[in-house]
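The values are calculated or read from the model by the stated rules, or taken from the named source; none is laboratory data. Everything quoted here is computed from the prediction, not taken from an experiment. Cβ placement follows ideal geometry from the backbone for every residue including glycine, while neighbour counts extend to all protein chains displayed. These accessible areas exclude ligands, DNA and RNA; they are computed on the full protein's heavy atoms, side chains included. Shrake-Rupley method; radii C 1.70, N 1.55, O 1.52, S 1.80 Å.
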Amino acid sequence: MTDLKNCTVSVFGLGLLGGSLAWKLSRDGAVKSVAGWSRNPQTVRRAHETGIIGRPCATAEECAALGDILILAVPIRFMEATSLKIRPAAGSGVRAVFDLASTKTEVGRKLAPLWGPCYAGFHPMAGKERGGLENADPALFQGAVCAVVPFENTGEEALSLAEELAGALGGRPLRTGAEEHDAAAACISHFPVLVAAALALLAGEEMERHPLVPLLAAGGFRDTTRVAGGLPELGADMASTNGEQIRRLAGKFRTILDTLLAVSPEELEVLLAKAARCRETVLAGKDSGSGKRG
């Protein structure tokens, strides 16, 4: 099987994730070379001038023809169209194709038949509120769990390269199924974006009636609404491709919130203490997972 260090990696989309990934691989010499393409030619130029990529590409087809490993870092809504565009140009020697989408079931349903055994989902659990190449950071994935998601026909070489890629980025791989990934990601990533957005919208309405709202806003509001400051299209894509899991959680959330509002002060204190313990347990569990699941 091919080693990562002997591969040219072609990155499609040079925003926060694609740019950070390309920069890390280029800086550390973890691969033979890094090619890059973006819909914005100026982004490609900046990435090349700053050393984030070594081989700038004017077209997606050119980028596909260069790569042994193709990494789709475009928005979820463009994953299928980009794949259809570059599939004819990709060489017969392509070893692996990975998408960086934060949802996997629907994306994989569309991409797996196009790419066959060389395709697997790859989702590094890292990010920032602000996207774009200007916010890229080669250290973004340091310590991050990288979900490696096989599909029915995924070959072992693609999975091996995905796990090697996770290590090259400074993270650690976690092999999991698409549905399990989406259920967990909905709870700790996708649904929280909508909850934060709802709270921000509520505050926007309340400040029209109560001018003190922005004057009193401090750390609590900032921390609980942080993820509402992200790119709107990312949140919309997550909701549209993982809606079933998000709606399931929303129902449970309403039940829990109604319970918190209905109980006595003594019972509420007990539940809030339990909530604090749950939070610590979830955060501690991040560092205790094994490399493979499902």
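Tilt of helix 16-28 relative to the longest C-alpha principal axis of the chain, in degrees (0 to 90, nearest 10)?
Roughly 50 degrees between the two axes.
May I ask for the net charge around E157, where only other residues with Cβ less than 12 Å from the Cβ of E157 are counted and Lys, Arg are +1 while Asp, Glu are -1? List each step's numbers first, then the result.
Values: positive: R95; negative: D3, D68, E156, E163, E164.
Local net charge: -4.
What's the Cα-based Rg to Rh of the range 99-149, Rh via Kirkwood? Intermediate values should be presented prior to the final figure.
Details: Rg = 12.9 Å, Rh = 12.4 Å.
My calculation puts Rg/Rh at 1.04.
According to the Cα gyration tensor, what semi-axes, each the square root of 5 times an eigenvalue, does the equivalent ellipsoid of the range 161-294 have, listed from largest to smallest in whole Å? Display every interim value, and only then the final one.
Details: eigenvalues 194, 84, 51 Å².
Equivalent ellipsoid semi-axes, largest first: 31, 20, 16 Å.
Could you list which residues have their amide H under 5 Å from that of F122, counting only those 5 or more apart in sequence or on another chain, with H placed in the peptide plane?
HN-HN under 5 Å from F122: D99, A101, V149.
Whose amide H sits under 5 Å from the amide H of G36, counting only residues 5 or more places off or on another chain, with H placed in the peptide plane?
Residues meeting the amide H criterion: V11, R55, C57.
Which of the peptides 189-196, 150-157, 264-271 is most tightly packed, and how do the rest follow, going by the mean number of other Cβ atoms within 10 Å of each residue?
Values: 189-196: 19.2, 150-157: 15.9, 264-271: 10.2.
So the order, starting with the most tightly packed, is 189-196, 150-157, 264-271.
In what sequence, highest mean first, do 235-244, 114-123, 34-43 appear when ranked by Cβ atoms within 10 angstrom? If you can, show how the numbers build up before the last one.
Numbers: 235-244: 18.7, 114-123: 22.3, 34-43: 20.6.
Final packing ranking: 114-123, 34-43, 235-244.
Going out from 0 in 10 Å bins, what whole percent of all Cα-Cα distances in the chain drops into each bin?
6, 26, 33, 20, 10, 4, 0
Leaving ligands, DNA and RNA out of it, rank R247, R46 by accessible area with a 1.4 Å probe, largest first.
Values: R247 165, R46 90 Å².
The ordering from most to least exposed comes out as R247, R46.
Express in whole angstrom the spacing between the alpha-carbon centres of the range 25-64 and the range 70-106.
16 Å
Angle between the Cα long axis of helix 191-209 and the longest principal axis of the chain, 0 to 90 degrees, nearest 10?
Approximately 50 degrees, to the nearest ten.
Rounded if a/c is under 1.5, else prolate if a/b beats b/c, else oblate: with a ≥ b ≥ c from the C-alpha gyration tensor eigenvalues square-rooted, which is the range 7-166?
Values: a/c = 1.43, a/b = 1.23, b/c = 1.16.
Rounded, since a/c falls under 1.5.
Tell me, what ³J(HN,Hα) does each residue in the range 32-40 have, in order and in whole Hz, if you take phi through Karplus 6.51 cos²θ - 1.76 cosθ + 1.60 with θ = phi - 60° and put x for Gly and Pro?
Per residue, the Karplus-derived 3J(HN,Hα) values read 5, 6, 10, 9, x, 9, 9, 5, 9 Hz.
If you put +1 on each Lys and Arg Cβ and -1 on each Asp and Glu Cβ, how big is the dipole of the range 188-294 around its Cα centre, in Debye rounded to 20? Don't skip to the answer; put the middle values down first.
Working: 13 positive and 13 negative charges, 102 e Å.
Using only the charged Cβ atoms, the result is roughly 500 debye.
Within the accessible area of the range 124-254, what % is carbon and sulfur when the probe is 1.4 Å and the other protein chains stay in place?
Numbers: 4080 of 6950 Å².
About 59 percent, which is the carbon plus sulfur part of the accessible surface.
Which angle from 0 to 90°, rounded to the nearest 10, does the C-alpha axis of helix 156-168 make with the longest principal axis of the chain?
Result, in degrees: 70.
On full extension of the chain, what length is gained from K274 through I256, given 0.36 nm per residue of separation minus the C-alpha to C-alpha distance? It would help to have the intermediate numbers written out before the result.
Details: separation 18, 0.36 × 18 = 6.48 nm, distance 1.25 nm.
Value of the extension gain: 5.2 nm.
Give me a comma-separated list of calculated 3J(HN,Hα) values for the range 239-252, in order, Karplus coefficients 6.51, -1.76, 1.60 applied at θ = phi - 60°, integers in Hz, x for any Gly or Pro.
Here the 3J(HN,Hα) series is 5, 6, 9, 9, x, 4, 5, 5, 5, 4, 5, 4, x, 5 Hz.
What does the helix-only formula give at 222 nm for the chain: each DSSP H stretch with n ≥ 4 adding -39500 (n - 2.57), the total divided by the residues, and the result rounded to the nearest 500 deg cm²/dmol? Intermediate results must be reported in sequence, preceding the final value.
Working: 13 runs with 150 residues, N = 294.
The helix-only estimate for the chain comes to -15500 deg cm²/dmol at 222 nm.
Determine the distance separating the Cα centre of the range 108-131 from the Cα centre of the range 158-228; give it in Å without decimals.
Here the answer is 18 Å between Cα centres.
Quick check: from the Cα gyration tensor, does the range 101-184 come out rounded (a/c under 1.5), prolate or oblate? Intermediate values should be presented prior to the final figure.
Working: a/c = 1.88, a/b = 1.53, b/c = 1.23.
Since a/c reaches 1.5 and a/b is larger than b/c, the shape of the range 101-184 is classed as prolate.
At a threshold of 8 angstrom on Cα-Cα distance, excluding pairs fewer than six apart, so keeping six or more, what relative contact order does the chain reach in percent? Before the final figure, lay out the partial values.
On the way: 506 pairs, mean separation 48.3, N = 294.
Rounded, it is 16 percent for the chain.
What relative contact order, as a whole-number percentage, does the range 23-117 give when Cα pairs under 8 Å and 6 or more residues apart are counted?
Details: 118 pairs, mean separation 22.3, N = 95.
Reported relative contact order: 23 percent.
Rolling a 1.4 angstrom probe over the protein heavy atoms, how many square angstrom per residue are accessible across the chain?
Working: 15250 Å² over 294 residues.
Accessible area per residue: 52 Å².
Please check which bits of the range 155-186 a label hung off K5 would reach, taking the label as a point 7 Å along Cα-to-C-beta and the cut-off as backbone N under 20 Å.
157-173
I need the shape label for the range 1-97. Rule: rounded when a/c is under 1.5, else prolate if a/b > b/c, else oblate, with a, b, c from the alpha carbon gyration tensor.
On the way: a/c = 1.58, a/b = 1.02, b/c = 1.55.
The shape class here is oblate.
State the antiparallel share, in %, of DSSP beta bridges confined to the chain, rounding to the nearest 5. Mind dumping the intermediate values first?
On the way: 4 of 27 bridges.
Antiparallel bridges: around 15 percent, rounded to the nearest 5.
Across the range 1-116, how many lysine pairs, 8 or more positions apart or on different chains, have C-alpha atoms separated by under 15 Å? Please give the number.
Summing the qualifying lysine pairs gives 4.
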